[in-house]
Amino acid sequence: MLANLTGVSEATGEGATLGDVLQDIIARAPGLKTHFFDEAGNVRRHIRFIKNEEFWRTADPLAMPLSPGDRVTVINSVSGG
């Protein structure tokens, strides 16, 4: 998703939480906002985050604390029948 919209497969953002980093990245690539967030400003249901190769499962992924050097992977869940 990120690569298709920005032309790069990785982006660097700054912030103390995932929410801060996403807002920093969205400020430079505004088209990503509709892919990460729904109309109410919540993270879309199909978006998952992996922090340093560990799935981050929480009610509020935007509050995930980040430290310098952390790596977050954003993936789209795939489902179907």
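For segment 22-40, what are the residues that are surrounded by 14 or more Cβ atoms within 10 Å (Cβ to Cβ), without any contact (Cβ under 8 Å) to a residue 12 or more places away in the chain and either part of a loop (DSSP other than H, G, I, E, B) or in contact with a strand residue (DSSP E or B) (Cβ under 7 Å, 6 or more places away or on another chain) (or both)? Even if it seems obvious, please write down each step before you answer.
Start the filter on segment 22-40 by keeping residues that are surrounded by 14 or more Cβ atoms within 10 Å (Cβ to Cβ), which leaves 22-26, 29, 32-33, 35-37.
Those still in the list that are without any contact (Cβ under 8 Å) to a residue 12 or more places away in the chain too: 23-24, 26, 33, 37.
Passing the criteria: only Phe37.
Quick one: would you say Leu2 is modelled with pLDDT of 90 or more and buried (at least 16 other Cβ atoms within 10 Å of the Cβ)? Let's see the steps before the verdict.
Working: modelled with pLDDT of 90 or more: no; buried (at least 16 other Cβ atoms within 10 Å of the Cβ): yes.
It is false that Leu2 is modelled with pLDDT of 90 or more and buried (at least 16 other Cβ atoms within 10 Å of the Cβ).
So which residues in segment 41-81 are loosely packed, with under 10 Cβ neighbours inside 10 Å and of a type in the set (A, V, I, L, M)?
Ala59, Val78
The values are calculated or read from the model by the stated rules, or taken from the named source; none is laboratory data. Model, not experiment: these values are computed from the prediction. Ideal geometry is used to build each Cβ from the backbone, glycine not excepted, and the neighbour counts take in all protein chains shown.
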